[in-house]
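K.L.:
What follows is a single structure, and I will ask about it in a moment.
The values are calculated or read from the model by the stated rules, or taken from the named source; none is laboratory data. Keep in mind that this is a model prediction, so the values were computed, not measured. Cβ: placed from backbone, ideal geometry, glycine included. Neighbour counts: every protein chain shown. What goes into the accessible areas is simple: the full protein's heavy atoms, side chains included, and nothing from ligands, DNA or RNA. Shrake-Rupley method; radii C 1.70, N 1.55, O 1.52, S 1.80 Å.
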Amino acid sequence: MKPWLCLAVAAGLTAYTSFTEKDFINSNTGFARQQLTHMLHETETRDSLAFPRTTDKAGKMTTTSMYDWTPGFFPGSLWYAYELTKDPVLRQQAVRWTEKLAPLQHFTQHHDLGFMMYCSYGNAYRLTGNPAYRDILVQGARSLSTRYNPVTKSIKSWNAFKSWHGEQMYRYPVIIDNLMNLELLFFASKVTGDTSFRHIAVSHAETAMHNQIRPDYSSYHVVCYDTTNGKVLARETAQGYADNSTWARGQAWGIYGFTMIYRETKDPRFLKTATGMADWFLNSKNLPKDKVPYWDFNAQEKGYAPGMRSNAVNVKTKYRDVSAAAIVASALFELSGYVDVARGAKYRQAAIDMLHVLGSPAYRAPEGANGNFILMHSVGSIPHNNEIDVPLVYADYYFLEALQRYKNL
Ligand code: GLY
């Protein structure tokens, strides 16, 4: 028996054998390499600064500029595919697509710099050790830090947020997704010795833990602050069904975010929050049996009402969000290493089960289809009537990360 399988059996993970699991990882790795190779060919027909994001109605790949929140995921996927395969062509393309993002190190217009730079340059530095990448990441962290306010004790996510309920405009919105951007700040403190980045990250995480997470460990999407006194003005949603509902990807960002923050701080309050949010997700009566959540845990439930301007009122289908499942699967692999054996086994088994479901024909595309993305059936934003039941580049990124984490077990 392979040593890791002995460990798996000891931990109660008996559902899969080492042989089938190796096959599973290899076949998904091979498939990812094929799809990414097709996608790289397709990008040659487009503007060189167009970053893959999703598909149009005809199923063709669509792209964004580097200033949207997702450009880091395509280079990041290439880095994970390279790590999984050691294919030098994927490495060369990962370098090429990462380096296109160098101008972002000075970008300050929204909070997503962590996603944009850490998924691209962060993986690039991790896998190459190139000091030029480290310096770009540190400059990116400086740019992100400009959005921190010591009164709100938070990094401002967007410059403005208009409520779905009417004309109210908020000028200091913070969204749960923002937790993910803190990894860039922790990194910058570690490589420079400058603790100010870390201070901002911890302060933001504490504020989010108090204001964004409900007592039962479900989550609010958007919290809006008064910059004169730091008080919460409103708790609403932008991409979820209702203000009091739990948007599936928001919960996923919280599980992943607090797991990462615990890794960086070893503060038990953050571990408690991560496990609380993970348990809420896994134990929800509204989580389908295959653990791929509906886009919002409370869509169309009694007691939950979308704002009048939200497109959520018009959508009766309960779409799944594969991106949320991929993020949670990746997070659970890491979280399983920070808890006791029984709980760790439970999280690990859930992550493995989710990875298998995502890699099945129900969610994994046929080769050459799906705009050459790997996974189908994600949701960008139903309230905005945007990207509904489509592939999304970040679903693929977290699927590959989860696959790599599984391989590393
Ligand atoms: N961070 C934006 C989203 O999850 O859609």
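K.L.:
Counting just the residues of region 273-288 that are in contact (Cβ under 8 Å) with a residue 60 or more places away in the chain and of a type in the set (Ser, Thr, Tyr), which one comes out surrounded by the most Cβ atoms within 10 Å (Cβ to Cβ)? Working first, answer last.
P.N.:
So the first thing to find is which residues in region 273-288 are in contact (Cβ under 8 Å) with a residue 60 or more places away in the chain, and the list is 273-280, 282.
Remaining after also requiring of a type in the set (Ser, Thr, Tyr): 273, 275.
Working: THR273: 26, THR275: 20.
Here the answer is THR273.
K.L.:
Follow-up. I'm checking my understanding of the structure. Among residues of region 290-344 that are under 23 Å from the mean Cα position of the chain (by Cα) and surrounded by fewer than 15 Cβ atoms within 10 Å (Cβ to Cβ), which one is nearest to HIS221 (Cα to Cα)? Write out each step before concluding.
P.N.:
Within region 290-344, the first condition is being under 23 Å from the mean Cα position of the chain (by Cα), and the residues that meet it are 290-299, 312, 318-339, 343-344.
Keeping just the survivors that are surrounded by fewer than 15 Cβ atoms within 10 Å (Cβ to Cβ) gives 318, 337.
Numbers: LYS318: 19, GLY337: 27 Å.
Only one residue fits best here, namely LYS318.
K.L.:
If you don't mind, there's one more thing I want to ask. Could you look through region 101-110, keep only residues that are open to solvent by less than 30 Å² (accessible area, probe 1.4 Å) and in a helix (DSSP H, G or I), and pick out the one that is farthest from the ligand (Cβ to nearest atom)?
P.N.:
In this case the residue turns out to be ALA102.
K.L.:
On to the next question. Can you name the residue in region 388-409 that is open to solvent by 30 Å² or more (accessible area, probe 1.4 Å) and within 18 Å of the chain's Cα centre (by Cα) and is also farthest from PRO288 (Cα to Cα) among such residues?
P.N.:
ARG405
K.L.:
Take the conditions open to solvent by less than 20 Å² (accessible area, probe 1.4 Å), of a type in the set (Phe, Trp, Tyr) and within 27 Å of GLY76 (Cβ to Cβ) and apply them to TYR347. Does it pass? Talk me through it step by step, then tell me what you get.
P.N.:
Values: open to solvent by less than 20 Å² (accessible area, probe 1.4 Å): yes; of a type in the set (Phe, Trp, Tyr): yes; within 27 Å of GLY76 (Cβ to Cβ): yes.
Yes.
K.L.:
Next question, about the same structure. Of these, ASP340, ASP353, which one is modelled with pLDDT of 95 or more, out of contact with any helix residue (DSSP H, G or I) (no Cβ under 8 Å at 6 or more places or on another chain), under 17 Å from ALA252 (Cβ atoms) and more than 16 Å from the ligand (Cβ to nearest atom)?
P.N.:
Exactly one residue qualifies, and that residue is ASP353.
K.L.:
Considering only region 182-201, I want to know if a residue exists there that is more than 16 Å from the ligand (Cβ to nearest atom), open to solvent by 10 Å² or more (accessible area, probe 1.4 Å), part of a loop (DSSP other than H, G, I, E, B) and in contact (Cβ under 8 Å) with a residue 60 or more places away in the chain.
P.N.:
Checked region 182-201: no residue is more than 16 Å from the ligand (Cβ to nearest atom), open to solvent by 10 Å² or more (accessible area, probe 1.4 Å), part of a loop (DSSP other than H, G, I, E, B) and in contact (Cβ under 8 Å) with a residue 60 or more places away in the chain.
K.L.:
Still on this structure, please answer the following. For the list (1) among the β-branched types (Val, Ile, Thr); (2) over 20 Å from the mean Cα position of the chain (by Cα); (3) within 26 Å of THR259 (Cβ to Cβ), I need the number of the one condition that ILE175 fails.
P.N.:
Condition (2) is where ILE175 drops out.
K.L.:
Just for region 263-318: of the residues that are in contact with a Ser or Thr (Cβ under 6 Å, 6 or more places away or on another chain) and outside any loop (DSSP other than H, G, I, E, B), which one is nearest to ILE388 (Cα to Cα)? First the steps, then the outcome.
P.N.:
Going residue by residue through region 263-318, those that are in contact with a Ser or Thr (Cβ under 6 Å, 6 or more places away or on another chain) are 274, 280, 296-298, 304.
Cutting the leftovers down to outside any loop (DSSP other than H, G, I, E, B) gives us 274, 280, 296.
Working: ALA274: 28, TRP280: 25, ASP296: 13 Å.
The residue in question is ASP296.
K.L.:
Same structure again: Restricting the search to region 111-159, which residues are open to solvent by 30 Å² or more (accessible area, probe 1.4 Å) and within 16 Å of the ligand (Cβ to nearest atom)?
P.N.:
Across region 111-159, the qualifying residues are TYR118, LYS156, TRP158, ASN159.
K.L.:
Let me ask something additional. Restricting attention to region 147-177, report how many residues are in a strand (DSSP E or B) and of a type in the set (Ser, Thr, Tyr). Walk me through how you get there before you give the answer.
P.N.:
At the first step, the residues of region 147-177 found to be in a strand (DSSP E or B) are 148-149, 154-155, 161-162, 169-170, 173-175.
With of a type in the set (Ser, Thr, Tyr) added as a condition, the list becomes 148, 154, 170.
Looking only at that region, the number is 3.
K.L.:
Out of all the residues in region 44-62, is one or more open to solvent by less than 60 Å² (accessible area, probe 1.4 Å), of a type outside the set (Lys, Arg) and part of a loop (DSSP other than H, G, I, E, B)?
P.N.:
Taking region 44-62 and keeping what is open to solvent by less than 60 Å² (accessible area, probe 1.4 Å), we get 50-55, 59, 61-62.
Remaining after also requiring of a type outside the set (Lys, Arg): 50-52, 54-55, 59, 61-62.
Next cut, part of a loop (DSSP other than H, G, I, E, B) only: 50, 59.
Checking region 44-62: at least one residue is open to solvent by less than 60 Å² (accessible area, probe 1.4 Å), of a type outside the set (Lys, Arg) and part of a loop (DSSP other than H, G, I, E, B).
K.L.:
Do we have any residue at all in region 92-100 that's more than 23 Å from SER27 (Cβ to Cβ), at pLDDT 95 or above, open to solvent by 10 Å² or more (accessible area, probe 1.4 Å) and of a type in the set (Ser, Thr, Tyr)?
P.N.:
Residues of region 92-100 more than 23 Å from SER27 (Cβ to Cβ): 92, 95-100.
The next check asks that each one be at pLDDT 95 or above; those that pass are 92, 95-100.
Remaining after also requiring open to solvent by 10 Å² or more (accessible area, probe 1.4 Å): 92, 95-96, 99-100.
Adding the requirement that they be of a type in the set (Ser, Thr, Tyr) leaves none.
Checking region 92-100: not a single residue is more than 23 Å from SER27 (Cβ to Cβ), at pLDDT 95 or above, open to solvent by 10 Å² or more (accessible area, probe 1.4 Å) and of a type in the set (Ser, Thr, Tyr).
K.L.:
For residues that are open to solvent by 10 Å² or more (accessible area, probe 1.4 Å) and part of a loop (DSSP other than H, G, I, E, B), scanning just region 232-262, find the one that is farthest from the ligand (Cβ to nearest atom).
P.N.:
By that ranking, first place goes to ASN244.
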